[in-house]
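Working notes for the structure below.
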Amino acid sequence: MRAEANEFAYADAWQLVVDCFAVAFRPPDQISVADYALRHRRLSNAGGGYVGPWSHDEAPYLVEPMQCLTSELYYTTAIVGPGQSGKTEIAHNWLLQSVGADPADFLWYMPAGPLLEAHVKTRIDPLVFDHDVLREGLGDRAGDDTLHFKRFGSMSVQFLPAIHGNMISKSAPRIVADEWDAYPESLGDPKALLDVRRQTFGTKSMLLAISHPDQAGGMEPSRDWQHGIMAIYGESDRRVWWWPCPECGAWSSPSPIASRQMTLHYPADASLDVIERETRLLCPVNGCLIEDWQRRSMNLQGRWLGLGQDMSEDGDVTGDLAPRQTAGFWITGIMSPFLLRGIGGLAAALVKAQRETDVSGEDRSESEVCTKQLGIPYVPRRKIGTLDALTLAERAEPGLRLGVVPEGVRFLTCMVDVQANRFEVLIRGWGEAGESWIVDAWQVPATPATDAVCWDRLFGDLASRKVPLDGDATRGMSIKGIGYDSGGEPGVTLHAYATWRRLRQRNQVRRSGRINGRDAWSIVPMKGQGQPTAPRLAVVYPDTARKDRRANAGGQVPLAQFATDQFKDDLAGQLATMAPGAWHVHFPHGLRGNFGVGPDERNGDPPHLFFEQLVAEARNTRGKWEKPHQGIRNEAMDLLVGAHVVAHLHGLARLDWTRPPSWAAEWQHNSLIGPIDLAQSEQPSGRYGASGMPLFDTEGPPPSSRSIGSMLA
């Protein structure tokens, strides 16, 4: 009887109330998206890929972006990256975590049309089917599970085409904006529209923006990142991924904006099969060649660093992450473990697209590979204006004199080109917004490959030199940065490094700190890089040759490696800037004619040898600058480019001219200006140089006048 009575006993009413209130009023578990995915996400690839529980080991770079989604430090998380890098899975895991642990409404935007519908059918619906928390939480009323709307308990998700009406009539605390750079231009700034949609939710709101960098025009943030995902990333804390070389242990980054960039290394002129087979990663510190299979262990040890932070080659991190309302992450193609044919396939795809551009003149395929496979902005092969030597010579200004600092110059940089029997020297002055002046140019007879004394004499003079101010010979401006060529005849590189060590011992070399993640030295040897994937500018320490020794900047010789073609592109644009102002180049009248030949100079008549050398190279269809034949002289071009590299190293592109540092201030406050020895101000310069030797001699036939930047036929 007792058993039968218990079978029909009433439930405990008090316990029912307790259980109901516990479910209804208990706050959700505080768990990050990354942790929730690790516990609950299951991958089920219908196409035959990996099936099983989520693992952070596959793509460790996804963890930190997921953690930021639940942090109240940020209002926006921006993910830049290529296809097949896992970036969209961040959004899928966010949806899973929200339904399972922290409900809130979603707006999910994608470009209008088939792309949105396909994503819901092939990615979202299988996600729901594979996870109990989503499938069981899905509403069973009509309209709760449609192509554009899904309700999960107390929260809903709307999948919307990115059109103006949808962006001004909806509100939700959580917004996913996928394929950002494919949104129609008619929207203007989509972020401004979406920020309004979530402003009432305050710190509980989050926008996740994801895209390839299709709308970026290049790699210069202030100029090229005005639209699309790179505009959001540019305003963020700009995190990039750092990983260690498995051979030497030195840390670098696969990001093109890092101070030490690891790049693809392949034989660019080989067949596509050979390129795919022989592609490696190139360590920028010790030149180690890294196999494709080694990327997994590198990723497992990697970490994100952003603005305000820096990493030594040993992996020691200094500085604090800059406070920003947007957390920005840049994934590049060579980080991705999901590449179908590895980094070799990536390199082959790039070269194939470049060759198609060479043939057709259409760069669509090259652009697609850069943005959607490499995950980096495409730098268009711009046509550069047709400037010849005579046109440039006619711009020379009679009011400008060589050997004095003209009004408007805020700081000086110097470049030394090393030739077999001489040094060639040029000083370039820089003003607001990149406007520049050729201040002085001369030539020093020497034997750089064999004579250490000539190196010491020249650089000792440059380190202490003050160039007189125009109108006041009692005051002069010191040179902020000096760069010099580290290659040439056998023996030049050894002397280039040894000279720097001696200058350092004599305290004639100063380190100005780290600017944009690079060591900025007052004197630095330099080397141009011709690889298409070469970083724009990096400072490395190649004299640390032993692979078993971690590199350390202290006491070792820095080398500024720069992308030659990129800086020559910059020079071409500067020379094409006709009106004084931003990036315009001013030429003293003394550079005209057979400059530096001597007393028989032909009063400014052609040939204008300095300007001939400025246009001695042309840009071919592959974006490479080259001379038409070896007899052409191009020293003037190299000198101007080198002086710009040195200025860039010291932060020219980042200067705030409303609040410049003391070394770039107006003359009355400029720390580089001081009293000058009157004997120095009377030294010959310019036409005959400090040594009396002409800068541009007439040995051999003069170079023909060529069009600069005739890149495309």
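The values are calculated or read from the model by the stated rules, or taken from the named source; none is laboratory data. Computed from a predicted structure; not experimentally measured. Heads up, the Cβs are rebuilt from the backbone with ideal geometry, glycines too, and the neighbour counts pull from every protein chain shown. To get the accessible areas, we keep the full protein, side chains included, count just its heavy atoms, and leave off ligands, DNA and RNA. Shrake-Rupley method; radii C 1.70, N 1.55, O 1.52, S 1.80 Å.
Accessible surface area normalised per residue over the stretch 413-502 is 31 Å², counting heavy atoms of protein chains with a 1.4 Å rolling probe. How much of the pair distance distribution for the stretch 465-522 lies past 20 Å, counting alpha-carbon pairs only, in percent? Cα-Cα pairs of the stretch 465-522 separated by over 20 Å account for 46 percent.
Across all directions, the average projected area of the convex hull around the alpha carbons of the stretch 86-139 is 4.1 nm².
Are there trypsin sites (Lys or Arg not before Pro) in the stretch 373-450 that DSSP puts in a loop and that have at most 13 other Cβ atoms within 10 Å, and which ones?
Numbers: sites: Arg381, Arg382, Lys383, Arg395, Arg401, Arg410, Arg422, Arg428; in loops: Arg381, Arg382, Lys383, Arg395, Arg401, Arg410.
Answer in residue order: Lys383.
Of the solvent-accessible surface of the stretch 429-543, computed with a 1.4 Å probe and all protein chains present, 49% belongs to carbon and sulfur. Quick one: of Lys87/Lys170; Lys527/Lys568; Lys352/Lys624; Lys466/Lys527; Lys87/Lys352; Lys87/Lys191, which pairs are farther than 21 Å apart, Cα to Cα? Flagged as over cut-off: Lys87/Lys170; Lys466/Lys527; Lys87/Lys352.
Under a 5 Å amide H cut-off, with hydrogens placed 1.01 Å from N, Ser156 pairs with Asp105, Phe106 among residues at least 5 apart or on other chains.
So what's the net charge close to Arg277: Lys and Arg +1, Asp and Glu -1, counting the other residues with Cβ under 13 Å from its Cβ?
Once positives and negatives cancel, what remains is -3.
For the stretch 280-374, chymotrypsin sites (Phe, Trp or Tyr not before Pro) are listed when DSSP marks them as loop and at most 15 other Cβ atoms sit within 10 Å of their Cβ; the list is Phe338.
Compute the orientation-averaged projected area for the stretch 224-316 from the convex hull of its Cα atoms and round it to one decimal in nm². Please report the intermediate quantities before stating the final value.
On the way: hull surface 29.8 nm².
Orientation-averaged projected area of the Cα hull: 7.4 nm².
Computed over the stretch 220-343, relative contact order equals 33 percent, with contacts defined as Cα pairs under 8 Å that lie 6+ residues apart.
In Å², what does the accessible area per residue of the stretch 58-189 work out to with a 1.4 Å probe?
39
For the stretch 405-508, the spread of Cα positions along the three principal axes, ordered from largest to smallest, is 42, 24, 23 Å. The share of accessible area on the stretch 198-251 that comes from carbon and sulfur is 47 percent, using a 1.4 angstrom probe. Between amide H atoms placed 1.01 Å from N, distances below 5 Å from Arg475 occur with Leu469, Ile676, all of them 5 or more places distant or on a separate chain.
Could you compute the net charge surrounding Gln529? Neighbours are other residues with a C-beta less than 11 Å from the C-beta of Gln529; K and R count +1, D and E count -1. Net charge in that neighbourhood comes out at +1.
State whether the stretch 55-206 is rounded, prolate or oblate according to the following rule on the C-alpha gyration tensor (a ≥ b ≥ c being the square roots of its eigenvalues): a/c under 1.5 gives rounded; otherwise a/b larger than b/c gives prolate, and the remaining case gives oblate. It would help to have the intermediate numbers written out before the result.
Values: a/c = 1.24, a/b = 1.08, b/c = 1.15.
Rounded.
Do any GluC sites (Glu not before Pro) in the stretch 245-304 lie in a DSSP loop with no more than 12 other beta carbon atoms within 10 Å, and if so, which?
Answer by residue number: there is no such site.
Measuring how big the stretch 342-476 is from its alpha-carbon positions, Rg and Dmax come out at 22.5, 63 Å.
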